[in-house]
Amino acid sequence: MDDFLTAFLNVEIVREAWPILWQGFLYTLALSAITVPLGMVGGVILALLSTAGPRGIRWAAAAWTDLFRAIPPLVLLVFLYAGLPFAGLDVGAWGAVAIGFFLNTGAYYGEVLRAGIGSVPRGQVEAARSTGLSQAQALAHVVLPQAVRNVLPDLVSNTLEVVKLTSIASVVALPELLFQARQAQNATYNATPIVAAAIAYFLLLWPLVRLISRLENKAMAGR
Amino acid sequence: MPVSADAPRPIVDARGLWKRYGALTVLHGVDLSVAERELVFIIGPSGSGKSTLLRCLNRLEEPDDGSIHVDGIELLSPKTDINAARRRIGMVFQSFNLYPHMTARQNVMLALRKVLGKSRDEADSIAAAALHRVGLGERMDHHPAQLSGGQQQRVAIARAIALEPRVMLFDEPTSALDPELVGGVLNVMRELRESGMTMVVVSHEMAFARAAADRVVFMADGQKLEEGPPAQIFGDPQHERTRAFIRQIDRH
Ligand SMILES: Nc1ncnc2c1ncn2[C@@H]1O[C@H](COP(=O)(O)OP(=O)(O)O)[C@@H](O)[C@H]1O
Ligand SMILES: [Mg+2]
């Protein structure tokens with residue numbers, strides 16, 4: 001038991017690694033604050049193009065979405081970071097993360113939002129148009145608010161996955177939580193920093209998990 | 001075009017409307033003219049093109065051929081701002097199509113704010129007046145889900161009339177309602193008619209047609225087969241299809 005505590009839950013090690021872990025935690029927050037909005041913007045654009053665009057554009061948006069859902073995000077990130085420089089294009093670690101998440105998470109948010117838009121009966125758009133609202137106004141005021149509400153549990157779930165996925169930024173040497181935990185582990189020869197990182201993720205994401213459950217229960221009750 | 005008192009310009013003037021869905025021709029060169037303050041009733045078997053005709057009149061459907069003037073505006077011209085034109089044409093749907101995430105008041109206010117550009121206060125008082133007019137003054141802050149079908153349809157009417165349209169189109173406004181809720185909606189339509197609103201109504205409410213319509217149009221297979229005053233269409237129909245249709249309706 002003592003061995004277990006020494007290896008995994010060593011208070012002394014936590015104290016020692018605290019500053020670097022805390023910095024990693026802040027990086028993870030910053031990465032989330034960048035990748036979630038970027039993914040949502042990408043998702044809204046894709047959802048709009050694939051539902052309200054002309055036929056050719058709709059098809060292209062669907063193909064784009066398929067492509068970036070099929071490519072593993074880690075592969076995409078490594079390609080952007082380590083592959084693009086061979087074409088003389090160095091976007092850097094932050095650039096690679098921003099572009100990669102925009103492409104990957106955008107495709108996922110796009111699918112969720114597309115389903116939400118599809119859940120709004122067509123008659124409501126016709127009613128809105130019949131009062132003189134433009135297509136864009138009908139989307140903004142009638143369709144999107146309901147679309148978002150109808151798929152809110154899925155949107156929050158997706159956000160949860162995006163925050164977890166920020167840990168892949170460690171492979172391009174961005175000092176986020178996992179990266180810093182590995183550094184601390186190497187410096188202390190102890191697994192406690194990894195456990196501390198897991199606990200930090202849990203504390204950060206558990207409220208979101210609860211929120212999803214509540215939203216899902218509410219959606220079920222509403223049905 | 002000279003305008004004289006005895007030949008007023010029609011509010012709706014549709015000529016030679018053709019509409020096809022692939023190989024299926026739904027409208028075969030239909031004409032429809034509606035004078036100011038007139039209530040035209042359209043009847044006919046299911047699938048005869050009544051909804052399609054009505055939906056062409058505000059360009060929710062694009063006719064393949066023909067011309068439509070509403071209040072003097074050439075509706076099908078590419079130069080026409082269709083969103084501006086649609087403010088003059090109110091439409092009420094069988095399935096109400098209220099916005100479920102908004103209260104009754106907000107349903108009515110949306111186009112007042114976004115299309116007519118009214119201030120919030122102004123839109124609010126116009127919406128309140130429209131909802132009072134349809135008998136829902138007490139229910140303005142309810143959401144559609146908290147209203148009966150009849151009340152929802154009255155909100156939909158309020159949403160349309162708040163924009164002060166020149167003509168109102170009704171597509172089977174009472175067909176989705178429980179029988180005991182039909183009367184409330186018809187009363188609102190009757191009141192509208194008495195206030196001088198120009199109306200085109202697709203409906204199976206023959207008693208209402210007899211009492212309120214100026215003219216009844218019978219459609220079958222995408223064509224206007226017969227039209228005339230209600231007494232003539234219901235009492236002495238000329239066309240065999242009309243006779244058969246009215247016999248069948250009367251049996252219900
Ligand atoms: N969007 C559409 N695509 C294909 N066929 C349609 C469409 N809308 C209507 N139709 C067809 O057009 C015909 C007339 O329909 P409609 O105007 O709704 O008739 P009514 O309102 O008189 O019942 C029907 O045969 C219907 O199936
Ligand atoms: Mg119909």
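The values are calculated or read from the model by the stated rules, or taken from the named source; none is laboratory data. In this text, all values refer to a predicted model and were calculated from it rather than measured experimentally. Every residue, glycine as well, gets a Cβ built from its backbone with ideal geometry; the counts of neighbours run over all protein chains shown. Areas reflect the complete protein model, heavy atoms only, side chains present, ligands, DNA and RNA absent. Shrake-Rupley method; radii C 1.70, N 1.55, O 1.52, S 1.80 Å.
Cα gyration tensor of region B:1-80, axes a ≥ b ≥ c as square roots of the eigenvalues: rounded (a/c below 1.5), prolate (a/b > b/c) or oblate?
On the way: a/c = 2.49, a/b = 1.50, b/c = 1.66.
Note, shape of region B:1-80 comes out oblate.
Shielding of peptide B:153-160 by partners, expressed as the average count of other chain Cβ atoms within 10 Å per residue Cβ, is 1. Measuring nothing but how far apart in sequence close Cα pairs (under 8 Å, 6+ apart) lie, relative to its length, chain B scores a relative contact order of 25 percent. Counting Cβ atoms of other protein chains within 10 Å of each Cβ in A:131-141 and taking the mean gives 6. Peptides A:151-163, A:5-17 ranked from most to least packed give A:151-163, A:5-17, packing being the mean of other C-beta atoms within 10 angstrom over each peptide's residues.
The Kirkwood radius of region B:49-145, taken over pairs of alpha-carbon atoms, gives through the Stokes-Einstein law at 10 °C and 1.306 mPa s a diffusion coefficient of 104 µm² s⁻¹.
Restricting to bridges with both residues inside the protein assembly as shown, how much of the DSSP beta-bridge set is antiparallel, in percent to the nearest 5? Mind showing how you got there, number by number?
Values: 21 of 38 bridges.
Beta bridges within the protein assembly as shown, antiparallel portion: roughly 55 percent.
Overall shape of region B:99-164 was characterised from the C-alpha gyration tensor. The equivalent ellipsoid obtained from it has semi-axes of 18, 11, 10 Å, in decreasing order.
Mean silhouette area of the protein assembly as shown, derived from the convex hull of its C-alpha atoms and averaged over all directions, reads 32.3 nm².
All Cα-Cα distances of region A:10-159, cut into 5 Å bins from zero to the largest, leave 2, 9, 14, 16, 15, 13, 10, 8, 6, 4, 2, 1, 1, 0 percent in each bin in turn.
Using only Cα atoms, what is the ratio of the radius of gyration of region B:116-252 to 2.2 N^0.38 Å?
Details: Rg = 17.3 Å, N = 137, 2.2 N^0.38 = 14.3 Å.
Normalised by 2.2 N^0.38 Å, the Cα Rg of region B:116-252 equals 1.21.
Kyte-Doolittle mean at least -1.0 and Cα extent at least 20 Å along the axis: which DSSP H helices of chain B qualify?
Working: long enough: B:179-194 (23 Å, 0.03).
In chain B, the long hydrophobic H runs are B:179-194.
Peptide packing for A:51-59, B:37-45 was compared via the average number of neighbouring C-beta atoms within 10 Å per residue; ordered from the highest value, the list is B:37-45, A:51-59.
Using mean Cβ contacts within 10 Å as the protection proxy, how do A:170-180, A:65-75, B:122-132 order, highest first?
Averaged packing, sorted descending, gives the order A:170-180, B:122-132, A:65-75.
In region B:113-152, the residues whose accessible area drops by at least 40 square angstrom when the other protein chains are added to the isolated chain are B:Lys114, B:Val115; the probe is 1.4 Å and only protein heavy atoms count.
The listed residues A:Tyr27, A:Tyr189 rank as A:Tyr189, A:Tyr27 when sorted by accessible area, largest first, using a 1.4 Å probe.
Remark: relative contact order (region A:2-221) = 32 percent; criterion is Cα-Cα distance under 8 angstrom and separation of 6 or more residues.
Quick one: of the DSSP bridges fully inside region B:157-241, what percent are antiparallel, nearest 5? Walk me through the numbers on the way to the answer.
Details: 5 of 10 bridges.
Beta bridges within region B:157-241, antiparallel portion: roughly 50 percent.
The heavy atoms of A:Glu111 offer some 50 square angstrom of accessible surface to a 1.4 angstrom probe. Between B:Leu76 and B:Ile68, the built amide H atoms are under 5 Å apart, and every one of these is 5 or more places off in sequence or on another chain. Take the protein assembly as shown with all the other protein chains still there, run a 1.4 Å probe, and you get 48 Å² of accessible area per residue. For the residues of B:96-106, the average number of beta carbons from a partner chain within 10 Å of their own beta carbon is 4.
The B-A contact accounts for roughly 1600 square angstrom of buried accessible surface, both chains included, probe 1.4 angstrom.
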